[in-house]
Amino acid sequence: MMRTLALLLALTAVALTAVTPALAQSDTLEKIKSSGTLTIGTRTGSPPFAYVNKNNEWVGFSIDLVEQLVKPSVEKAVGRSIKVEKKESTPPTRIPLLTSNAVDLIAGTMTDTPERRQSVDFSLTFFYTGAQFLVKKGSPIHGVNDIAGKRIASQQGSTNAKILREKYPQAQLREFPDQPAAFQALLQGQVEAYTNDGIQLAGLKAKAPKPDDWEVVGDFYSEEPYGMAMRKGDAKFKAAVDGGLKTGFESGKYFEIYEKWFGAKGELPYPMTPQVKAYLLKQIGK
């Protein structure tokens with residue numbers, strides 16, 4: 001009798017183990033429907049993607065994409081109006097925030113990589129860039145071939161830090177919790193360059209007290225396609241997020257939002273190349 005009971009308990013445990021992830025993977029839309037809130041993890045110091053402006057407003061390109069493209073698609077999926085709540089996320093905290101259900105979506109400056117896809121799912125790519133260096137004007141560092149023995153700042157948990165550790169171990173890598181801390185180290189001369197995705201460095205230079213003191217240098221030494229990250233295996237929620245982005249690409253609304261932030265009169269002029277536009281549209285069969 002005891003052996004039978006033990007066997008039944010063991011089988012029940014196995015069954016629950018098999019079912020629980022399936023439940024966890026399919027409840028984001030239900031969670032949003034119940035709460036009326038889509039909670040995103042995003043950045044506070046990565047202009048123009050997501051940052052707190054001088055009026056203490058949390059704004060940016062990534063946030064506009066959520067508010068204007070993703071939110072309507074999710075509302076359609078859950079059958080009710082919702083609000084977007086924002087929480088700060090950084091490279092070390094964003095995946096834990098997702099897996100703990102503290103946020104539903106990471107919408108900032110997160111690169112879609114095969115390694116990260118093991119623990120999260122990504123939306124369609126919404127931006128494409130590559131890693132470069134921010135240096136003081138006149139620096140001897142002109143690209144990745146000049147960093148041997150140099151003190152290079154990066155953000156903890158970033159793909160840039162991983163690439164430097166693995167491919168350029170001759171550099172003296174210094175990791176910081178966020179972009180403002182890394183830039184402060186560069187300002188103070190603790191490091192000789194700060195590496196990040198080129199577009200983020202361009203934004204940082206534009207916002208610096210003396211923009212002309214700094215240069216973004218080097219060819220891309222990595223490919224950085226940005227996607228919005230979500231809990232793995234939640235097909236319905238991913239379809240809603242992708243559906244919003246796809247509608248934005250097809251209607252042209254995405255390109256209007258891009259122009260607002262990166263156009264000639266935008267927060268950070270960064271014209272979209274024909275190659276990047278083709279890359280984005282290829283995702284939806286265009």
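The values are calculated or read from the model by the stated rules, or taken from the named source; none is laboratory data. Model, not experiment: these values are computed from the prediction. Cβ atoms come from the backbone with ideal geometry, glycine included; neighbour counts cover every protein chain shown. These accessible areas exclude ligands, DNA and RNA; they are computed on the full protein's heavy atoms, side chains included. Shrake-Rupley method; radii C 1.70, N 1.55, O 1.52, S 1.80 Å.
Label-to-label distance for Ala206 and Asn55 is 1.8 nm, based on points extended 7 Å past Cα in the beta-carbon direction.
Modelled spin labels at Leu187 and Lys260, positioned 7 Å past Cα toward Cβ, are 2.9 nm from each other.
Charged side chains reduced to their Cβ positions (Lys and Arg at +1, Asp and Glu at -1) give the stretch 135-264 a dipole of some 360 debye around its Cα centre. Sorting the segments 270-278, 42-50 by their mean number of nearby beta carbons within 10 angstrom, highest to lowest, gives 42-50, 270-278.
If you roll a 1.4 Å probe over the stretch 128-264 with all protein chains in place, what percent of the accessible area is carbon or sulfur? Here it works out to 50 percent.
In this structure, the pairs whose alpha-carbon distance is over 29 Å, taken from Lys71/Lys162; Lys236/Lys265; Lys33/Lys162; Lys87/Lys282; Lys54/Lys253; Lys33/Lys87, are Lys71/Lys162; Lys236/Lys265; Lys33/Lys162; Lys87/Lys282. Dipole magnitude for the chain: computed about the Cα centre from +1 point charges on Lys and Arg Cβ and -1 point charges on Asp and Glu Cβ, it is near 420 debye.
Accessible area per residue for the chain, computed on protein heavy atoms with a 1.4 Å probe, is 49 Å².
Counting alpha carbon pairs within less than 8 Å and at least 6 residues apart, what relative contact order, in whole percent, applies to the chain? Walk me through the numbers on the way to the answer.
Values: 488 pairs, mean separation 70.5, N = 286.
Result for the chain is 25 percent.
Rounded to two decimals, the Cα-based Rg/Rh of the chain, with Kirkwood Rh, is 1.04. Within a straight-line Cα-Cα reach of under 16 Å, Lys260 can be paired with the following aspartates and glutamates, leaving aside sequence neighbours fewer than 8 residues apart in one chain: Asp64, Glu67. The residue among Val135, Gln172, Gly233 whose Cα reaches farthest toward the positive pole of the charge dipole of the stretch 126-273, with charges on the beta-carbon of Lys, Arg, Asp and Glu, is Gly233. Shown here: the stretch 149-286, whose C-alpha atoms stretch 47, 39, 23 Å along the first, second and third principal axes, sorted largest to smallest. Given R0 = 22 Å, the distance between the Cβ atoms of Thr37 and Gln283 translates into a calculated FRET efficiency of 0.20. Please name whichever of Tyr221, Leu268, Ser89 sits farthest to the positive end of the charge dipole of the chain, dipole taken about the Cα centre and charges placed at Cβ: Lys and Arg +1, Asp and Glu -1. Value computed over the given set: Ser89. Consider a paramagnetic label point 7 Å from the Cα of Thr113 along Cα→Cβ; state which residues of the stretch 204-245 have an amide N under 11 Å from it. Within reach of a label on Thr113, which here means backbone N under 11 Å from a point 7 Å along Cα→Cβ, the stretch 204-245 contributes 223-224. Along the axis of the charge dipole computed for the chain (Cβ charges of +1 for Lys and Arg, -1 for Asp and Glu, origin at the Cα centre), the listed residues Asn55, Val78, Gly189 are led at the positive end by Val78.
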